[in-house]
Amino acid sequence: MVKNKVKQRRQEMGITLDQLSAKSGVPVSTISDVEQGGEPRVKTAQRIAHALLCTVDELWPD
């Protein structure tokens, strides 16, 4: 399981799961799964990163 920084970034921005869902168009359940270590599809990762004003690489570092 690859650790990601989605939850950390979301909390730094001060937004809720619902707000991130609305900004990204990604369902809350999917974002929650991703925050717990699930691996999203590429398009989903791109949408989340865009909504969090960063790159996919920043959220999923090597």
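Projecting the Cα atoms of 53, 29, 19 onto the charge dipole of segment 6-56, computed from C-beta unit charges around the Cα centre, puts 53 farthest toward the positive end. Values (i) 1.36; (ii) 1.06; (iii) 0.95 are given for comparison; Cα Rg over 2.2 N^0.38 Å, derived from the coordinates here, is the one labelled (iii).
Only aspartates and glutamates eight or more places from residue 3 in sequence, or on another chain, were considered; those with a Cα closer than 14 Å are 33, 35, 39, 57, 58, 62. Mean residue ellipticity at 222 nm, helices only, the chain: -16000 deg cm²/dmol; runs of at least 4 DSSP H residues each add -39,500 (n - 2.57), and the sum is divided by the number of residues. Listed by chain and number, the lysines placed with their C-alpha closer than 19 angstrom to that of residue 23 are 5, 7, 43; residues fewer than eight positions away on the same chain are left out. Here the 3J(HN,Hα) profile of segment 11-25, calculated from phi with Karplus coefficients 6.51, -1.76 and 1.60 at θ = phi - 60°, is 5, 4, 7, x, 10, 8, 4, 4, 5, 5, 4, 5, 6, 9, x Hz, Gly and Pro shown as x.
No lab work stands behind these numbers, since they all come straight from the coordinates. All values reported here derive from a predicted model rather than from experimental measurement. A quick note on method: Cβ atoms are made from the backbone with ideal geometry, for glycine too, and the neighbour counts reach across all protein chains shown.
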